[in-house]
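One structure is given below, encoded as structure tokens.
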Amino acid sequence: MEKKLHLGKAFKEMRNRVGVTSTDLKGIMSRESLVKFEGDKNTLGLEKLNAALEFMGFTLTDLYYFAGIYHVVPVYGRTFQKLRRQRGYHRNFFINLGVSSIRLECFEEGKIMFPYHILDAMLLSIKIPEGDYSFALINEEDYFIKTVDKLDMAVRKRDFGYIHSVEEFAHQYAINEEEQIVDVDESEKNPADYSENDLDYYINQHLTREYADFRVLEITAQASYRGLTDSEMTELGDFLMGIDLWLEYSLGILALNSWQLPYLIVYDILHEIVIDKFYINKLIYRRRILQTAGRAAMSLAVQGDFIHARKLLEMVKPFNFTIDTHTQGMYRFAQAFVAFKEGILEGQREMIEVIKAFEIFGEIPSRDFAQHYYDTHVSL
């Protein structure tokens, strides 16, 4: 059933927050029209709606957040509020950036989200380095890590509803445009003293870490149900090859995309990782590393590239001592699948045994994932 859009009720909540009355809006709409709209008994034309929102200091996107059409990640506003208070800035400090105190209050309360170019400018104006803000986010709650974990489960369950919801949400922050990084020379003047033109230039040119993460998340969701285009593959490859320190989020992205990535990218990344003893002692890291090799190996086997498939599986073999039933089973399944594709009939029996084991241990999403792969590539 299609979700009803309660735009009128959301509009009323926003209007009450700023103390705007029907009399204040009489130049835009009649009181009767306002009452019907806020009671969700009538709609407003886009021109009138935008005019009313602008009068109140809000945007149409803000309305969609209030109405629950767009999803809010509260940690962003909560973290910003904590850092703002630590530095002694009031909410009305950001008016020159087009952010009223009421609108900022909504952001900090988790009612709306700001576009990242606006958030970047706000951080710059109160002298908070982007890295400090990102660190504070990660230490409170990392939306990206949690989303990758849920996306991994959704892929196993073939939950395309959740996959599409991640794709749509990430797309709001991942506008397809050229990456342009501008280094601000703080030796010339204090960032807080930038003119409005300086800030406009900074807003239009600067690409945040979160912007890149959302774009990669969007591509990863798409890769869960369709083949990526050459340009998307280039974006993803550039992102992965630019990572210096592989941690939970980036390893999750690697694992989810490994079945489509070129062999050389997967090999180079895994070779760099497996020689670092840091990763072998971390359960979640071992899991992602084994997932990456297993999925890539199965994809290579489908293409008939058994040498490289075996090479990847052999490379990560020292990591296969995890007690994680899903990961250990999928690694075993990948080995059996490659063997089957090479013409070894025992591989087919081994895959069936792994599927049975998933059933016994209650790993139903893993069982379904393996069964679907078996039905697609083996049971023809």
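The values are calculated or read from the model by the stated rules, or taken from the named source; none is laboratory data. Because the structure is predicted, anything quoted here is derived from the model rather than measured. Every residue, glycine among them, receives a Cβ derived from its backbone with ideal geometry; neighbour counts consider all protein chains shown. SASA here: full protein model, heavy atoms, side chains in, ligands and nucleic acids out. Shrake-Rupley method; radii C 1.70, N 1.55, O 1.52, S 1.80 Å.
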With the condition kept exactly as written, say whether any residue in segment 214-236 is touching a helix residue (DSSP H, G or I) at 6+ places or on another chain (Cβ under 6 Å), more than 20 Å from Val166 (Cα to Cα), among the β-branched types (Val, Ile, Thr) and open to solvent by less than 10 Å² (accessible area, probe 1.4 Å). no
Scan segment 334-364 for residues that are touching a residue at least 40 places away in the same chain (Cβ under 8 Å) and open to solvent by less than 30 Å² (accessible area, probe 1.4 Å) and report the count. 3
Taking segment 273-283, which residues are open to solvent by 50 Å² or more (accessible area, probe 1.4 Å) and aliphatic (A, V, I, L, M)? Ile275, Leu283
Look at segment 68-86 and say how many of its residues are surrounded by fewer than 19 Cβ atoms within 10 Å (Cβ to Cβ), in contact with a Gly (Cβ under 9 Å, 6 or more places away or on another chain) and not basic (Lys, Arg). 4
Boolean, Gln172 is open to solvent by less than 70 Å² (accessible area, probe 1.4 Å), more than 30 Å from Leu312 (Cα to Cα) and at pLDDT below 80: yes
Which residue is nearest to Tyr64 (Cα to Cα), if the candidates are limited to segment 17-49 and must be exposed (fewer than 11 other Cβ atoms within 10 Å of the Cβ) and not β-branched (Val, Ile, Thr)? Leu46
So which pairs qualify, if the first residue must be in segment 14-31 and polar (S, T, N, Q), the second must be open to solvent by less than 40 Å² (accessible area, probe 1.4 Å), the Cβ gap must be under 9 Å, and the two must be at least 6 apart or on different chains? Thr21/Arg15; Ser22/Arg15; Ser22/Met29; Ser22/Leu34; Ser30/Ser22
Residue satisfying all of: in segment 319-333; farther than 16 Å from Ile280 by Cα and at pLDDT below 90; least open to solvent (accessible area, probe 1.4 Å) among these: His326
Checking the conditions here, which among Phe321, Phe278 is more than 24 Å from Arg226 (Cα to Cα) and outside any helix (DSSP H, G or I)? Phe321
Tell me yes or no: at least one residue of segment 12-28 is within 30 Å of the chain's Cα centre (by Cα), modelled with pLDDT of 90 or more, in a helix (DSSP H, G or I) and more than 26 Å from Glu130 (Cβ to Cβ). yes
Answer residue from segment 93-115, given it is outside any loop (DSSP other than H, G, I, E, B) and closer than 20 Å to Lys12 by Cβ and is nearest to the chain's Cα centre (by Cα) among those: Phe107
Regarding segment 44-59, can at least one residue be identified that is more than 29 Å from the chain's Cα centre (by Cα) and either assigned to a loop (DSSP other than H, G, I, E, B) or under 27 Å from Phe144 (Cβ atoms) (or both)? yes
What number of residues in segment 111-136 are closer than 14 Å to Gly77 by Cα and open to solvent by 20 Å² or more (accessible area, probe 1.4 Å)? 4
From Tyr89, Tyr143, which residue is out of contact with any helix residue (DSSP H, G or I) (no Cβ under 7 Å at 6 or more places or on another chain), over 30 Å from Thr23 (Cα atoms), among the aromatic types (Phe, Trp, Tyr) and surrounded by 15 or more Cβ atoms within 10 Å (Cβ to Cβ)? Tyr89
Among the residues of segment 315-322, is there at least one that is among the aromatic types (Phe, Trp, Tyr), without any contact (Cβ under 8 Å) to a residue 40 or more places away in the chain and over 23 Å from Lys150 (Cα atoms)? yes
Residue check, Gly362 over 17 Å from Leu251 (Cβ atoms) and assigned to a loop (DSSP other than H, G, I, E, B): yes
Among the candidates Leu261, Leu300, Leu270, Leu290, single out the residue that is within 31 Å of the chain's Cα centre (by Cα), buried (at least 18 other Cβ atoms within 10 Å of the Cβ) and in a loop (DSSP other than H, G, I, E, B). Leu261
Out of all the residues in segment 203-212, is one or more at pLDDT 90 or above, within 23 Å of Ile289 (Cβ to Cβ) and surrounded by 14 or more Cβ atoms within 10 Å (Cβ to Cβ)? no
